[in-house]
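A quick write-up on the structure given underneath.
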Ligand SMILES: [Zn+2]
């Protein structure tokens, strides 16, 4: 009897709408991207113009797919912000303010010839890792995307957990340091105020000010900026100031994971997004912070790792959600 491999004949289209661009991909049943498109978005444009751009790009992907004799079964569209619980209305789009309250979702659904599913980008990243990435088959999984801010999705028993609207809550805003810095959300001492990309860059700038002889300070004057890339280069070459900044950021992430763990009891927590590119030193610091503060039985049980899908997490996750809808 023939043994059947993973069914690669099921395709879906993933659409990841960000503040700067819309990314689209045709994804096969094994999670591989077989074609992709990317178009810049001007966030100042009115909702109509952005909607048309997204629809044009989606139609172009469907046309190209047809040209290759592929028939995607569904389209998954993901973005940051808040939708209603049924995911039919966009209440607030974090990076694309003109889309908030617009008919974007209804217009996409009406214009495309396939079933369309909408979700949060953080849920897509989590489901993509569950289905095709570093969390494959993990029954209780948290995937946090640490970029400018911190967003996270929770997958329990193969299902996206939705407790607050369409998401599992704002995990980046758990309060880990009540006497700490104010967060842009209005609360005080959120994880995001200590461990986001913005917090990391602010800490690096302060370290460069305090230690003008550090490689951090030198890179800043050479390149005119101190982003995650420069922080990673300096830390990779053993600059103590940069190492300290990365350790601090990772430690706070570990504290955040300890707080998430008492609520969700995950088997595995994965970190993706731009900050995760700091790699092994960040991971080591996350594990250290987690071991230091977590309940001992959770400290023994919860595995912490890096997400596997990288910048494709949104489109692959969106397609994975569409395939399983
Ligand atoms: Zn906050």
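Read-outs: derived from the displayed coordinates by stated rules, not from any lab. Since we're looking at a predicted model, the values are computed, not measured. Note that each Cβ is placed from the backbone with ideal geometry, even for glycine, and that neighbours are counted across all protein chains shown.
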Cα-projected label distance for residue 36 with residue 299, points at 7 Å along beta-carbon direction, nm: 4.0 nm
One point scatterer per Cα, no solvent, Debye formula: log10 I(q)/I(0) for the stretch 167-325 at q = 0.08, 0.09, 0.19, 0.20 Å⁻¹ comes out as -0.25, -0.32, -1.22, -1.29
Zero-based 10 Å bins, Cα pair distances in the stretch 13-98, whole percents: 16, 47, 30, 7
Order of 271, 50 under a 10 Å beta carbon neighbour criterion, fewest first: 50, 271
From a point 7 Å beyond the Cα of residue 45 in the direction of its Cβ, which residues of the stretch 72-95 have a backbone N at a distance under 17 Å? 95
Efficiency by 1/(1 + (r/R0)^6): what FRET value for residue 185 and residue 205, r their Cβ-Cβ distance, R0 = 25 Å, to the nearest 0.05? 0.70
Kirkwood hydrodynamic radius over Cα pairs of the chain, then Stokes diffusion coefficient at 4 °C and 1.567 mPa s, in µm²/s: 63 µm²/s
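Using only DSSP helix segments of four residues or longer, with each worth -39500 (n - 2.57), what per-residue ellipticity at 222 nm results for the chain after dividing by its residue count and rounding to 500?
Details: 11 runs with 134 residues, N = 325.
For the chain, the value works out to -13000 deg cm²/dmol.
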Hey, could you get me the Stokes-Einstein D for the stretch 58-120, Kirkwood radius over alpha-carbon pairs, 10 °C and 1.306 mPa s, rounded to whole µm² s⁻¹? 126 µm²/s
If each of residue 229 and residue 70 carries a label point 7 Å out from its Cα toward its Cβ, how far apart are those two points in nm? 2.9 nm
Relative contact order for the stretch 253-303: what percent, with Cα pairs under 8 Å and sequence separation of 6 or more? 64 percent
Row for the stretch 117-166, column shape: gyration tensor on C-alpha, a ≥ b ≥ c, rounded if a/c < 1.5 i.e. under 1.5, prolate if a/b over b/c, else oblate; value oblate
Full-extension gain between residue 284 and residue 55, please, as 0.36 nm times their residue separation minus the C-alpha to C-alpha distance. 78.2 nm
For the stretch 162-233, compute Rh as the Kirkwood radius over C-alpha pairs and then the Stokes-Einstein diffusion coefficient at 20 °C and 1.002 mPa s; write the answer in µm²/s, rounded to an integer. 156 µm²/s
Which percent, to the nearest 5, of DSSP beta bridges fully inside the chain are antiparallel? 60 percent
Rh (Kirkwood, all Cα-Cα pairs) for the stretch 214-308, Å, reads 13.8 Å
Specify the angular offset, from 0 to 90 degrees and rounded to the nearest 10, of the alpha carbon long axis of helix 121-132 from the longest principal axis of the alpha carbons in the chain. 80 degrees
Between residue 85 and residue 139, what is 0.36 nm times their sequence separation minus the Cα-Cα distance? Round to one decimal in nm. 17.1 nm
Between residue 263 and residue 291, what length comes free when the chain is fully extended (0.36 nm per residue of separation minus the Cα-Cα distance, one decimal in nm)? 8.4 nm
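Taking neighbour Cβ counts within 10 Å as the exposure measure, how do 211, 280 sort from fewest upward?
Fewest-to-most ranking of 211, 280: 280, 211.
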